[in-house]
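Below is one structure, written out as C-alpha coordinates; comments come after it.
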Amino acid sequence: MADIEDSVRGTRIVFGEGVVIDSFVKIKPAGGVGDIVVGAHTTINSGNVLYTGHGIVIGSYCAIAANCTFAPTNHEFKSRDARIRDQGFRPSKGGIRIGDDVWIGANCVILDGADIGDGCVVGAGSIVRGVLEPYGVYVGIPLRRVGSRS
(Lines give C-alpha, C1' and ligand atoms only; values in the text may rest on other atoms or scores of the structure.)
Protein backbone atom coordinates (compact mmCIF):
# COMPACT_ATOMS: atom_id res chain seq x y z
CA MET A 1 0.00 0.00 0.00
CA ALA A 2 1.27 3.50 -0.87
CA ASP A 3 1.87 6.02 1.92
CA ILE A 4 0.45 9.40 0.86
CA GLU A 5 0.63 12.06 3.58
CA ASP A 6 -1.84 14.91 3.80
CA SER A 7 -0.43 18.41 3.48
CA VAL A 8 -0.68 20.85 6.36
CA ARG A 9 0.10 23.80 4.01
CA GLY A 10 -2.41 23.22 1.22
CA THR A 11 -0.25 21.27 -1.21
CA ARG A 12 -2.38 19.39 -3.74
CA ILE A 13 -1.72 15.83 -4.84
CA VAL A 14 -3.60 15.09 -8.07
CA PHE A 15 -3.72 11.80 -10.02
CA GLY A 16 -5.09 11.50 -13.55
CA GLU A 17 -7.26 8.69 -14.83
CA GLY A 18 -5.74 5.22 -14.75
CA VAL A 19 -2.68 6.14 -12.66
CA VAL A 20 -1.07 3.17 -10.88
CA ILE A 21 0.77 3.83 -7.61
CA ASP A 22 2.45 0.61 -6.43
CA SER A 23 3.01 -0.54 -2.85
CA PHE A 24 5.73 1.10 -0.78
CA VAL A 25 5.56 4.44 -2.60
CA LYS A 26 5.94 7.43 -0.26
CA ILE A 27 4.49 10.84 -1.16
CA LYS A 28 5.42 13.48 1.40
CA PRO A 29 4.57 17.18 1.52
CA ALA A 30 7.93 18.62 2.59
CA GLY A 31 10.29 21.45 1.74
CA GLY A 32 7.83 23.78 0.07
CA VAL A 33 4.25 24.26 -1.03
CA GLY A 34 4.43 22.78 -4.54
CA ASP A 35 1.81 20.41 -5.87
CA ILE A 36 2.27 16.91 -7.23
CA VAL A 37 0.32 16.32 -10.44
CA VAL A 38 0.52 12.94 -12.19
CA GLY A 39 -0.96 12.58 -15.68
CA ALA A 40 -3.24 9.82 -16.93
CA HIS A 41 -2.08 6.21 -17.26
CA THR A 42 1.28 6.77 -15.55
CA THR A 43 2.75 4.01 -13.37
CA ILE A 44 4.90 4.70 -10.31
CA ASN A 45 6.49 1.47 -9.13
CA SER A 46 7.44 0.25 -5.67
CA GLY A 47 9.89 2.09 -3.45
CA ASN A 48 9.64 5.56 -5.00
CA VAL A 49 9.75 8.64 -2.75
CA LEU A 50 8.24 11.93 -3.95
CA TYR A 51 8.63 15.10 -1.87
CA THR A 52 6.34 17.97 -2.84
CA GLY A 53 8.99 20.67 -2.37
CA HIS A 54 8.68 23.18 -5.20
CA GLY A 55 6.35 20.88 -7.14
CA ILE A 56 6.39 17.84 -9.38
CA VAL A 57 4.47 17.49 -12.64
CA ILE A 58 4.62 14.07 -14.30
CA GLY A 59 3.00 13.69 -17.70
CA SER A 60 0.74 10.97 -19.06
CA TYR A 61 1.77 7.45 -20.05
CA CYS A 62 5.02 7.55 -18.06
CA ALA A 63 6.75 4.55 -16.48
CA ILE A 64 8.67 5.22 -13.28
CA ALA A 65 10.70 2.15 -12.23
CA ALA A 66 11.40 1.12 -8.64
CA ASN A 67 13.25 3.03 -5.94
CA CYS A 68 13.55 6.51 -7.47
CA THR A 69 13.66 9.71 -5.43
CA PHE A 70 12.06 12.95 -6.59
CA ALA A 71 13.52 15.87 -4.61
CA PRO A 72 12.30 19.26 -5.89
CA THR A 73 13.80 21.05 -2.90
CA ASN A 74 17.19 21.72 -1.33
CA HIS A 75 18.19 22.44 2.26
CA GLU A 76 19.91 25.73 2.96
CA PHE A 77 23.40 25.19 4.39
CA LYS A 78 25.40 28.43 4.00
CA SER A 79 25.71 29.46 7.63
CA ARG A 80 28.22 27.67 9.84
CA ASP A 81 26.57 29.36 12.83
CA ALA A 82 23.31 27.43 12.46
CA ARG A 83 22.49 23.77 12.06
CA ILE A 84 21.56 22.83 8.50
CA ARG A 85 18.18 21.55 9.68
CA ASP A 86 17.45 24.97 11.23
CA GLN A 87 18.25 27.00 8.06
CA GLY A 88 15.17 26.03 6.09
CA PHE A 89 15.15 25.50 2.35
CA ARG A 90 16.80 27.16 -0.64
CA PRO A 91 14.82 29.08 -3.29
CA SER A 92 13.17 27.04 -6.02
CA LYS A 93 15.00 26.00 -9.17
CA GLY A 94 11.60 25.41 -10.77
CA GLY A 95 10.49 22.11 -9.28
CA ILE A 96 10.45 18.95 -11.41
CA ARG A 97 8.70 18.61 -14.78
CA ILE A 98 8.46 15.30 -16.63
CA GLY A 99 6.84 15.21 -20.06
CA ASP A 100 4.56 12.55 -21.55
CA ASP A 101 5.70 9.03 -22.49
CA VAL A 102 8.86 9.10 -20.33
CA TRP A 103 10.57 6.02 -18.88
CA ILE A 104 12.71 6.54 -15.80
CA GLY A 105 14.80 3.51 -14.83
CA ALA A 106 15.25 2.13 -11.32
CA ASN A 107 17.18 3.96 -8.60
CA CYS A 108 17.26 7.38 -10.28
CA VAL A 109 17.38 10.67 -8.38
CA ILE A 110 15.48 13.57 -9.94
CA LEU A 111 16.46 16.97 -8.51
CA ASP A 112 14.90 20.42 -8.30
CA GLY A 113 15.05 22.13 -11.69
CA ALA A 114 14.92 18.90 -13.71
CA ASP A 115 12.90 19.29 -16.92
CA ILE A 116 12.62 15.96 -18.72
CA GLY A 117 11.22 16.33 -22.24
CA ASP A 118 8.51 14.20 -23.83
CA GLY A 119 9.56 10.70 -24.80
CA CYS A 120 12.83 10.61 -22.85
CA VAL A 121 14.45 7.49 -21.43
CA VAL A 122 16.56 7.86 -18.29
CA GLY A 123 18.80 4.88 -17.51
CA ALA A 124 18.83 3.18 -14.13
CA GLY A 125 20.92 4.80 -11.42
CA SER A 126 21.11 8.23 -13.07
CA ILE A 127 21.03 11.60 -11.33
CA VAL A 128 18.94 14.16 -13.23
CA ARG A 129 19.06 17.94 -13.07
CA GLY A 130 18.63 20.52 -15.79
CA VAL A 131 16.91 20.15 -19.16
CA LEU A 132 16.71 16.85 -21.06
CA GLU A 133 15.77 17.28 -24.71
CA PRO A 134 12.66 15.41 -25.94
CA TYR A 135 13.14 11.80 -27.07
CA GLY A 136 16.70 11.67 -25.77
CA VAL A 137 18.21 8.63 -24.06
CA TYR A 138 20.24 9.67 -21.01
CA VAL A 139 22.37 7.64 -18.58
CA GLY A 140 24.87 7.91 -15.79
CA ILE A 141 26.54 10.10 -13.24
CA PRO A 142 27.22 12.64 -14.55
CA LEU A 143 24.21 12.38 -16.80
CA ARG A 144 24.98 12.27 -20.51
CA ARG A 145 22.95 11.80 -23.66
CA VAL A 146 23.81 8.50 -25.38
CA GLY A 147 21.18 8.43 -28.10
CA SER A 148 17.65 9.22 -29.07
CA ARG A 149 14.40 7.45 -29.83
CA SER A 150 13.69 7.29 -33.54
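The values are calculated or read from the model by the stated rules, or taken from the named source; none is laboratory data. For clarity, every value in this text was computed on a predicted model and none was experimentally measured. Glycine gets a Cβ as well: all are built from the backbone with ideal geometry, and neighbour counts include every protein chain shown.
Taking the condition farther than 22 Å from Ala40 by Cα, over 16 Å from the mean Cα position of the chain (by Cα) and either of a type in the set (D, E, K, R) or not in a loop (DSSP other than H, G, I, E, B) (or both), does Lys78 pass?
Details: farther than 22 Å from Ala40 by Cα: yes; over 16 Å from the mean Cα position of the chain (by Cα): yes; either of a type in the set (D, E, K, R) or not in a loop (DSSP other than H, G, I, E, B) (or both): yes.
It is true that Lys78 is farther than 22 Å from Ala40 by Cα, over 16 Å from the mean Cα position of the chain (by Cα) and either of a type in the set (D, E, K, R) or not in a loop (DSSP other than H, G, I, E, B) (or both).
Does region 57-77 hold any residues that are of a type in the set (Val, Ile, Thr) and farther than 13 Å from Lys93 by Cβ, and which are they?
We begin by selecting, within region 57-77, every residue of a type in the set (Val, Ile, Thr); these are 57-58, 64, 69, 73.
Of everything in region 57-77, those that are of a type in the set (Val, Ile, Thr) and farther than 13 Å from Lys93 by Cβ turn out to be Val57, Ile58, Ile64, Thr69.
Under 8 Å between Cβ atoms, at least 6 apart or on separate chains: pull out the pairs that start in region 1-28 with a residue that is under 12 Å from Asn48 (Cβ atoms) and end on any residue that is assigned to a loop (DSSP other than H, G, I, E, B) and aromatic (Phe, Trp, Tyr).
Ala2/Phe24; Asp3/Phe24
Can you confirm whether region 52-59 contains a residue that is among the hydroxyl-bearing types (Ser, Thr, Tyr) and modelled with pLDDT of 95 or more? Walk me through it before giving the result.
Initially, region 52-59 is screened for residues among the hydroxyl-bearing types (Ser, Thr, Tyr), giving 52.
Checking which are modelled with pLDDT of 95 or more leaves us with none.
So far as region 52-59 goes, no, none of its residues is among the hydroxyl-bearing types (Ser, Thr, Tyr) and modelled with pLDDT of 95 or more.
All but one of (1) of a type in the set (Gly, Ala, Ser); (2) closer than 20 Å to Leu143 by Cβ; (3) buried (at least 18 other Cβ atoms within 10 Å of the Cβ); (4) touching a strand residue (DSSP E or B) at 6+ places or on another chain (Cβ under 7 Å) hold for Ala63; which doesn't?
Unmet condition: (3).
Quick one: how many residues across region 60-97 are more than 22 Å from Ser7 (Cα to Cα) and of a type outside the set (Phe, Trp, Tyr)?
Residues of region 60-97 that are more than 22 Å from Ser7 (Cα to Cα), as a first pass: 60-67, 77-84.
Pick out the ones that are also of a type outside the set (Phe, Trp, Tyr) and you get 60, 62-67, 78-84.
Selection size over region 60-97: 14.
Listed here are the residues, each with its yes/no results for (1) touching a helix residue (DSSP H, G or I) at 6+ places or on another chain (Cβ under 9 Å); (2) within 26 Å of Gly147 (Cα to Cα); (3) in a strand (DSSP E or B); (4) among the aromatic types (Phe, Trp, Tyr).
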site	(1), (2), (3), (4)
Ala66	no, yes, no, no
Phe70	no, yes, yes, yes
Ala82	no, no, no, no
Pro91	no, no, no, no
Asp101	no, yes, no, no
Asn107	no, yes, no, no
Gly113	no, yes, no, no
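In this structure, does Thr42 turn out to be polar (S, T, N, Q), in contact with a Lys or Arg (Cβ under 9 Å, 6 or more places away or on another chain) and crowded, with 23+ Cβ neighbours inside 10 Å? Write out each step before concluding.
Values: polar (S, T, N, Q): yes; in contact with a Lys or Arg (Cβ under 9 Å, 6 or more places away or on another chain): no; crowded, with 23+ Cβ neighbours inside 10 Å: yes.
No: the conditions fail for Thr42.
I'd like to check something: does region 50-57 contain any residue that is in a loop (DSSP other than H, G, I, E, B) and more than 20 Å from Ser7 (Cα to Cα)? Give the derivation first.
Within region 50-57, the subset in a loop (DSSP other than H, G, I, E, B) is 52-55.
Now restrict to residues that are more than 20 Å from Ser7 (Cα to Cα): none.
Looking for residues that are in a loop (DSSP other than H, G, I, E, B) and more than 20 Å from Ser7 (Cα to Cα), one finds none in region 50-57, hence no.
Looking at this structure, is Ser46 more than 26 Å from Gly16 (Cα to Cα), free of Cβ contacts under 8 Å to residues at least 40 places away in the same chain and polar (S, T, N, Q)? Give the steps one after another, and end with the answer.
Working: more than 26 Å from Gly16 (Cα to Cα): no; free of Cβ contacts under 8 Å to residues at least 40 places away in the same chain: yes; polar (S, T, N, Q): yes.
Criteria not met by Ser46.
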